[in-house]
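Down below is the structure, laid out as structure tokens.
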Amino acid sequence: EAGFFTYDPGFMSTASCNSRITYIDGEQGILLYRGYPIEQLATKASFLEVAYLLLYGELPAKKELVSFERLIMRHTMLNENLKNFLNGFHYDAHPMAMLMGVVGSLSAFYHDSLSVNDPRHREIAAHRLIAKIPTIAAAAYKHSIGEPIIYPRNDLRYCANFLRMMFATPCEDYKPTLIAEKAMNLLFILHADHEQNASTSTVRLAGSSGANPFACIAAGIASLWGPAHGGANEAVLDMLLEIGDVSNVPKYIEKAKDKDDPFRLMGFGHRVYKNYDPRAKIIREVCHQVLDELADINNPLFELAMKLEEIALNDEYFVERKLYPNVDFYSGIIYQALGIPRNMFTVMFAVARTVGWVSHWLEMMDDPNNRIGRPRQIYRGPGQRDYLPLSKR
Ligand code: SDX
């Protein structure tokens, strides 16, 4: 109960806020972006096509998509001074700490020139964030491995450009395979938005005070980093590596059930889904394809994850509580197969979710009835009492 609060009606019209962007049916395991099923978008659309849909509410016609892609790809470069900022981080800083810091610092580069009260400026800020977040993410990775930053290229597609910035070096260029680009595109689409999750609510609450969008997105990154939220994908890999072998699965299932043990089955359970997370289903399928293409089909971690899922879903503790794999359960296995290290998994999530965060921020800021968020509480402290002098305490 401690810390329980209900939203102040002024901020959220009822106990939840209104939005036209994403619909989730937790019981049925349904996820729609602007009415389109995630299963269709994930396999048929490009990530920037979905970004346009989340931002503007409709799928773009060909001309609209081409000009949107050009607009985004033209703004992927960072101000050179940001390199100095990034170089100030300790070499082993977590990439999420660097992402949060550098995104927040964009306020210093755009704050004076952009007004949150001007709809055109708000749209520009949203586009800049979508354009630059992959460059910052890749730069954080390069810093963490002591390699020079690779500059973006405007002639590449969004996901290919990101993978090249991650894996090219000044000595050797990098052209992602089609399967790698396709897997990245699909994972970005699946992670793009998810209604009022903790990090999106953080962005909305920060934005409701009129704070600049770069600071709001930095707040969203901070919230996403938690292991109960976006940090779970990294925690799943740590968990699978700790379990090590299928023979250890029963022991860890018991640990997860033990109330006195803080261990939870990472990648399992969800605040809203009381059915299989539709995104997890799609990712598990893609796992097969990616591992097959990368000739890694007997990936021991994937085998272990599938065995863990099978045992858990036959255990009454999980069945009774409707605990199913969520979006984080299999995603890390694909990231790892693409050569992305564990400490970058949540960064991947943040790159994709930036589209959802800015879409919700724009929706809120465009609402003439938008007011500052002010969650209320149920007071549980002592009643009024008088000050006691030190001698009497
Ligand atoms: C994301 O909100 C979103 O939309 C988030 C997200 C998005 O796209 O933005 O979908 C992304 O954050 C996915 C979730 C990633 N986190 C994890 O995988 C971490 C592991 N999961 C748990 O920490 C937990 O399931 C949460 C945090 C996800 C949900 O927590 P809740 O709401 O407290 O879970 P619940 O109310 O459904 O729990 C019911 C019972 C409880 O036990 P009892 O008190 O009834 O005895 O199930 C237990 C919980 O203790 N439980 C688990 C468990 N998750 C819940 N027990 C063991 N392992 C788990 N993973």
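The values are calculated or read from the model by the stated rules, or taken from the named source; none is laboratory data. Note that the coordinates shown come from a computational prediction; the quantities given were computed from them, not determined experimentally. When we count neighbours, we look across all protein chains shown, and the Cβ atoms used for this are built from the backbone with ideal geometry, even at glycine. All accessible areas refer to the heavy atoms of the entire protein, side chains included, with ligands and DNA or RNA removed. Shrake-Rupley method; radii C 1.70, N 1.55, O 1.52, S 1.80 Å.
Excluding ligands, DNA and RNA, the accessible surface per residue across the stretch 247-314 is 51 Å² with a 1.4 Å probe. With all protein chains kept in place, the per residue accessible area of the stretch 126-199 amounts to 35 square angstrom at a probe of 1.4 angstrom.
Can you grab the distance from the C-alpha centre of the stretch 293-342 to the C-alpha centre of the stretch 220-285, Å, no decimals? For the stretch 293-342 versus the stretch 220-285, the Cα centre distance is 9 Å. For the pair the stretch 15-45 / the stretch 65-80, the C-alpha centres are spaced 27 Å from each other. Percent of Cα-Cα pairs more than 16 Å apart in the stretch 55-121, please. So the pairs more than 16 Å apart make up 65 percent of the total in the stretch 55-121. One chain, two ends: Q384 and R371. Fully extended at 0.36 nm per residue, the span grows by 1.6 nm beyond their Cα-Cα distance.
Restricting the stretch 235-276 to chymotrypsin sites (Phe, Trp or Tyr not before Pro) that sit in a DSSP loop and have at most 13 other Cβ atoms within 10 Å of their own Cβ leaves F263. Gain on full extension, evaluated as 0.36 nm per residue between N298 and R120 minus their Cα-Cα distance, stands at 59.0 nm. In the chain, helical runs assigned H by DSSP with n ≥ 4 each contribute -39500 (n - 2.57); averaged across all residues and rounded to the nearest 500, the mean residue ellipticity at 222 nm is -17000 deg cm²/dmol.
May I ask for the net charge around E293, where only other residues with Cβ less than 12 Å from the Cβ of E293 are counted and Lys, Arg are +1 while Asp, Glu are -1? That works out to -2. For the stretch 19-178, the alpha-carbon radius of gyration amounts to 1.15 times the rule-of-thumb value 2.2 N^0.38 Å expected for a compact globular protein.
Atom-type composition of the exposed protein surface of the stretch 43-114 places 56 percent of the accessible area on carbon and sulfur (1.4 angstrom probe). Averaged over residues, the count of other Cβ atoms within 10 Å places the peptides 67-74, 169-176 in the sequence 67-74, 169-176, highest first. Applying both filters, DSSP loop and at most 12 other Cβ atoms within 10 Å, to the trypsin sites (Lys or Arg not before Pro) of the stretch 231-260 gives K259. Size descriptor for the stretch 185-326, Kirkwood hydrodynamic radius: 16.8 Å (Cα pairs only, one decimal).
Only helices reaching 30 angstrom along their own axis (Cα) with mean Kyte-Doolittle hydropathy no lower than -0.5 count here, and for the DSSP H runs of the chain these are 119-144, 345-366.
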